[in-house]
1. Can you pull out every residue in the range 45-84 that is within 30 Å of PHE134 (Cα to Cα) and at pLDDT 95 or above?
2. Look at ASN124 and say whether it is without any contact (Cβ under 8 Å) to a residue 60 or more places away in the chain and within 16 Å of PHE36 (Cβ to Cβ).
3. Give me the residue from the range 109-164 that is among the aliphatic types (A, V, I, L, M), outside any loop (DSSP other than H, G, I, E, B) and at pLDDT 85 or above and, out of that set, nearest to THR84 (Cα to Cα).
4. Would you check if PHE68 is outside any helix (DSSP H, G or I), aromatic (Phe, Trp, Tyr) and in contact (Cβ under 8 Å) with a residue 12 or more places away in the chain?
5. For the list (1) touching a helix residue (DSSP H, G or I) at 6+ places or on another chain (Cβ under 8 Å); (2) over 18 Å from ALA53 (Cα atoms), I need the number of the one condition that ASP82 fails.
6. Scan the range 102-109 and tell me whether some residue there is on the phi < 0 side of the Ramachandran plot and among the acidic types (Asp, Glu).
7. Let me confirm something: among ALA15, ALA95, ALA44, ALA40, which residue is assigned to a helix (DSSP H, G or I), closer than 15 Å to GLN119 by Cα and out of contact with any Ser or Thr (no Cβ under 6 Å at 6 or more places or on another chain)?
Amino acid sequence: MNRKRMRGTYVVEFAIIGMLVFTLLFAVLEMGRLYFTINALDEAARRGARLAAVCNISDPVILRRAIFNAAGDAGTSQLITDLTTSNLVLTYLDANGALVANPGDTSGVTGFRAIRYVQLSLQNFVFNLFIPGFGVPITLPTFRATLPRESLGRHSDSGEITPC
C-alpha cells in the first residue's frame, strides 16, 4: 500500500468513531443529570408536603424551602435550574381526599378543622438537554406527595400560630 494515499484515512476513521464516542459520553452525562433532576424534584415535592403538614396554612416559606431555598429567598432554586415556586401547587384535603375550599377559615367545620391531608404537586417542569444537536426540551411528569396533617403551624395547647 502506498503511504501517501493512506495518510488521511486515520483522520477520517477517528472523526467517525470520535463522533460516536463523544455523543455516547454526552448521552451518559445527560442521563445522569436527568436522573439527579428527577430525584431532586421528587424530594422537593416530599419536602414541601412535610413542611405544609407542620407549618402555618399557605405560608409562602413552605414553597421557598421546598425548592431548596432559604426562607427569605424568593428566586429560582439554588439546586435545580429553572425551578421556581410557580411550579408548585399546595392543596389541603379533607378525610375523603376532596379539596378544602377555605383552609384558612378557623371558625367553621369546612375550613381548618376539615383538613386531614396536605398535598404538594410539582408540575410543568421542563428539562433541557445539553447534548449538542439534541437540545430538545422534555416536560417531566407531575410529582406529587400527600401526607397527613400534623400541627399546621398551631401550638396544640394554646392554639397560637408558630412560625416556620
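1. At the first step, the residues of the range 45-84 found to be within 30 Å of PHE134 (Cα to Cα) are 45, 67-68, 75-84.
ALA45, the sole residue that qualifies.
2. Numbers: without any contact (Cβ under 8 Å) to a residue 60 or more places away in the chain: yes; within 16 Å of PHE36 (Cβ to Cβ): no.
When the stated conditions are applied, ASN124 does not pass them.
3. Applying the filter and picking the extreme gives LEU122.
4. Spelling it out, PHE68 is indeed outside any helix (DSSP H, G or I), aromatic (Phe, Trp, Tyr) and in contact (Cβ under 8 Å) with a residue 12 or more places away in the chain.
5. ASP82 satisfies every listed condition except (1).
6. Residues of the range 102-109 on the phi < 0 side of the Ramachandran plot: 102-109.
With the extra rule that they be among the acidic types (Asp, Glu), the set shrinks to 105.
Yes, that holds for at least one residue.
7. Result: ALA44 is the single residue among ALA15, ALA95, ALA44, ALA40 that is assigned to a helix (DSSP H, G or I), closer than 15 Å to GLN119 by Cα and out of contact with any Ser or Thr (no Cβ under 6 Å at 6 or more places or on another chain).
To keep it simple, each residue is scored yes or no on (1) more than 20 Å from ASN56 (Cα to Cα); (2) touching a strand residue (DSSP E or B) at 6+ places or on another chain (Cβ under 6 Å); (3) not β-branched (Val, Ile, Thr).
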| site | (1), (2), (3) |
| --- | --- |
| ASN96 | yes, no, yes |
| THR106 | no, no, no |
| ARG113 | no, no, yes |
| TYR117 | no, yes, yes |
| GLY135 | yes, no, yes |
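The values are calculated or read from the model by the stated rules, or taken from the named source; none is laboratory data. Bear in mind the structure is a predicted one, so any value in this text is a computation, not a measurement. Quick reminder, even Gly has a Cβ in these numbers, built from the backbone with ideal geometry, and neighbours come from all protein chains shown.
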